[in-house]
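The structure appears right after this line, and notes come after that.
Any read-out appearing in this document is the output of simple, stated calculations on the displayed coordinates, not a laboratory observation. Source: prediction; values computed, not measured. Positions of Cβ are backbone-derived with ideal geometry, glycine not excepted, and every protein chain shown enters the neighbour counts.
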Amino acid sequence: MEWPLGDALRAERLKRGMATREAARRAGMSDTMWRNLERGYELRKGIRFDIAPRPETVANAARAVGITVDMAFQMADIEIELAQDFAYENVDLTGVPHERLLEELRRRLAAGAPPTAEEIEAHPERYTVIGRREPKPDRKTGP
């Protein structure tokens, strides 16, 4: 099977000096999935199966190595109309000082921090307790 997307992913990854593991990490997938994308097939019990990745998988892989989502969808033979749903572009943050990035990260993490026990007690109407665990009984062996 001809798989132009795999050739493009491999070429861009190598051009950027990126290992397979790093590209997979940036795309949010396993090393195995990345290798399958580059090859265009997967092996199961020694049998070769052509892959048909989901649009979001192709979009994530493309962004990880700097290929446009439109181009990746064309190479993977995915309906180009779907590309607009996944077409946000990477933002180059290399010129932003580390301190500013860390401060923004701290701010966003604090905004999404789970409530404290005191907050829950003060405003129980805001929170729903789900899956409350009962303490496990002591397991004593012997009489």
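Couple of notes before you dig in:
- Segment 16-31 - phi-based ³J(HN,Hα) in whole Hz, Karplus 6.51/-1.76/1.60, Gly and Pro as x: 8, x, 9, 6, 4, 4, 5, 4, 4, 4, 5, 8, x, 9, 6, 4
- The simple spin-label model puts a point 7 Å past each Cα toward its Cβ; for Ile120 and Leu105 those points are separated by 2.8 nm.
- Close amide-amide hydrogen proximity is noted between Tyr41 and Ile51, each under 5 Å apart and 5 or more residues distant or on a separate chain (H modeled in the peptide plane; Pro and chain starts excluded).
- A full extension of the chain between Arg39 and Glu56 corresponds to an added length of 4.3 nm, given 0.36 nm per residue minus the alpha carbon distance.
- Segments 3-15, 39-51 sorted - mean Cβ within 10 Å per residue, highest first: 3-15, 39-51
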